[in-house]
Amino acid sequence: MENWSVEQVCNWLKQRNLGELVPKFREEEVSGAALLALNDRMVQQLVKKIGHQAVLMDLIKKYHQQKSGLDSLTGCCETTSQKFPEVISGATDRQMLNSSGHVEQKKYLCSSENEKGLIDHRVLKQKKNVKSFFARHKMLQWTSSYDLPDFPYDVKCVLAEKKCPDHSMRIRIIEFLQADMTKYLEGSLYPNSQQYNVVVSALLQAYPFLDEDGNGFLLWKRALKDRFKYVRRPIEDDEQVLRNKCKFGHRRGQTRKSPFAENKLGDVQVQIEEEPAYLKGSTMDLHIKWLKQEYMKTQRNWKEVDNKMNVTIDIRRKMISNKAPLKDILRLFPFLRCPYQLFREFQLLTHMDIYKKTVGILEIYSENILSLYVVRNNPINIMLQENLKQHTEEDVLKYMKMTAACLLLPDVFGDDSSLFVAVNEEVKAVTPVLEVKNPFNVNSCEFALYVEREELAQLDDCTMALAALVAAFHVFDIPCPKRIHRTLKFLESLVFEVRNP
């Protein structure tokens, strides 16, 4: 890095998702040597955003640590080659003994006994250091020199149109990237996180239109990791299963039974209240299995569902923080599809009643929103005025106004309404979005919450829909798209009472 030119530094910034800093670094002519000489004060002058400052300083610090580690390992290698040339050349202890005479063999064995195996331990440690040095150096080369593969003709044609590919073409791209990474890794099916980041960054840098609403990086990385998981999935025969059971403490041909498995359901329920908040193993499996079975019933024991969801919250939060696929989370915890449990999860995390807060927001602000000039000629407002003439009941009129205020919120703040609600249209965004059909028809209106273009929950009215939308971003830890940021920030400031709006 000390010998890098300004352009090489700029390319390095782009690979680390710091492309915004490139113009300033070009203007100040920051070469590799200057980059490594930056201190905190210089970084603050060069970089405006605190997040970018932290990332840049961390990258420079890690480079210095790696360099010092490589220098020390190189010194170890030179010392090892002087002291133990046979080790570096690959000779074994047996070859060393055979190549020496009888006196030397006896002296070598005596010294080994006197030092209680100290020399052997040192030799093995030096071997390990040399291997890890070359493995780390090879990984650094891989991440700094990766180029996208030459995609097949049909993939090139789709990418040339600069439109987001459909599902089948996405799979083709992911399969091709996975095969190319495997070639780079010389057959290994276990890339590390840095290598995933490099490949996805290279893809989005070459084809920026694949970064949908700023969430493309996470989606493509998740798809690539899932592809590797699918490829390396082992198919174990009975003998291999038995060997694994023996290896991990099971008796041959038998499985370890949980004490809970022999108890009756009533006994299990009594013990649940005494369990700690974070459970593992067979006990947790029982909770999740019960939740799945209960979700399939028409008459549900909601009190017990609340207890089970309380007990398993740490597992869910760990999965969500590790960016587990949403379908896997919903498969284990299907009650998150129910608006009541979604609101309850939000309350467990924030100690706020999101539904009650949303009711107050729409009641207070609906009249003000509908009177604004910016929404006066909006199709939704025009549709509302036409429907208001057909009804005289006070409750119906209030409901219609609250529904219109909910749907018009993005237009008030100049945001992209397609990332907030789809009215009588197909949902296109992957982030949480509301789908509304016949919004002002009291008898046939429908509300639904979509996440990743799949329906998550059916909702009763506009208040529940708005509360579910805000809750979904927090519960599933989904980044807010920039083009809807102001609307959600306004709602969050009212829900959390951050400031006086």
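The values are calculated or read from the model by the stated rules, or taken from the named source; none is laboratory data. Remember, predicted model here, so these are calculated numbers, not experimental data. For neighbour counting, all protein chains shown are included, and Cβ atoms are generated from backbone atoms with ideal geometry for every residue, glycine included. The area values use the complete protein model at the heavy-atom level, side chains included, leaving out ligands, DNA and RNA. Shrake-Rupley method; radii C 1.70, N 1.55, O 1.52, S 1.80 Å.
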Roll a 1.4 Å probe over the protein chains and send me the accessible area per residue for region 283-337 in Å². 52 Å²
Within region 283-337, what whole-number % of the accessible surface is contributed by carbon and sulfur, with the 1.4 Å probe and all protein chains included in the calculation? 51 percent
Just going by the charge dipole of region 354-496, with Lys and Arg at +1 and Asp and Glu at -1 on Cβ, which of Phe473, Ser493, Gln390 is farthest out on the positive end? Ser493
List every residue whose amide H lies under 5 Å from the amide H of Leu456, counting only residues 5 or more places away in sequence or on a different chain, with H placed 1.01 Å from N in the peptide plane. Leu449, Tyr450, Val451
Roughly how far apart, in whole Å, are the Cα centres of region 431-490 and region 22-62? 40 Å
Determine the per residue accessible area of region 354-496 with all protein chains present and a 1.4 angstrom probe, expressed in square angstrom. 48 Å²
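Could you sort His474, His64, His167 by their accessible area in this structure, using a 1.4 Å probe and putting the largest first?
Reading off the accessible areas and sorting them downward yields His167, His64, His474.
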Take every DSSP beta bridge whose two residues both sit in region 354-496, then give the antiparallel share in percent to the nearest 5. 75 percent
Can you give me the Cα centroid spacing of region 157-218 and region 289-319 in angstrom? 36 Å
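Would you kindly give the portion of the calculated P(r) for region 283-337 that falls above 18 Å, as a percent of all Cα pairs?
Pairs farther apart than 18 Å: 27 percent.
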Two-site FRET efficiency, Asp353 against Gln45, from Cβ-Cβ distance with R₀ of 51 Å, rounded to 0.05: 0.65
What does the extension gain come out to for Ser193 and Asp328, with contour length at 0.36 nm per residue minus their alpha carbon separation? 46.6 nm
Total formal charge among the other residues, if their Cβ is under 11 angstrom from that of His474, Lys/Arg +1 and Asp/Glu -1: -3
Using modelled amide H (1.01 Å from N, peptide plane; none on Pro or chain starts), what sits under 5 Å from the amide H of Trp4, excluding residues fewer than 5 places away? Gly32, Ala33
Exceeding the 20 Å Cα-Cα cut-off - candidates Lys163/Lys428; Lys357/Lys489; Lys48/Lys323: Lys48/Lys323
Let me spell out the model: positive unit charges on the Cβ of Lys and Arg, negative unit charges on the Cβ of Asp and Glu, origin at the Cα centre of region 6-65. What dipole size does that give, in debye rounded to 20? 200 debye
Counting sequence-distant residues (5 or more places) and residues on other chains, those with an amide H built under 5 Å from that of Val421 are Leu434
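On alpha carbon coordinates alone, what is the Rg over Rh value for region 6-65, Rh being the Kirkwood radius? Don't skip to the end; give the middle numbers.
Values: Rg = 10.2 Å, Rh = 11.4 Å.
Rg divided by Rh gives 0.90.
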Could you work out how far apart the two model spin labels at Leu36 and Val55 are, taking each label as a point 7 Å from the Cα in the direction of the beta carbon, and quote it in nm? 2.3 nm
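Given +1 on the Cβ of Lys and Arg, -1 on the Cβ of Asp and Glu, and no further charges, what dipole in debye does region 354-496 carry about its Cα centre, rounded to the nearest 20?
Dipole about the Cα centre, nearest 20: 460 debye.
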Kindly write out, for region 368-383 in residue order, the coupling ³J(HN,Hα) from the Karplus curve 6.51 cos²θ - 1.76 cosθ + 1.60 (θ = phi - 60°), rounded to whole Hz, with x marking Gly and Pro. 5, 5, 5, 8, 6, 5, 5, 10, 5, 9, 6, x, 5, 5, 5, 4
Checking the table Lys327/Lys482; Lys183/Lys292; Lys297/Lys327; Lys308/Lys482; Lys24/Lys482; Lys229/Lys297 against a 29 Å threshold on Cα-Cα, which pairs fail? Lys183/Lys292; Lys308/Lys482; Lys229/Lys297
For the pair Asp150/Glu386, report the inter-label distance in nm, with labels modelled 7 Å from Cα in the Cβ direction. 5.7 nm
Length released on extending from Cys164 to Glu28, taking residue separation times 0.36 nm less the Cα-Cα span: 45.3 nm
Roughly what percent of Cα-Cα pairs across region 365-501 reach past 27 Å? 16 percent
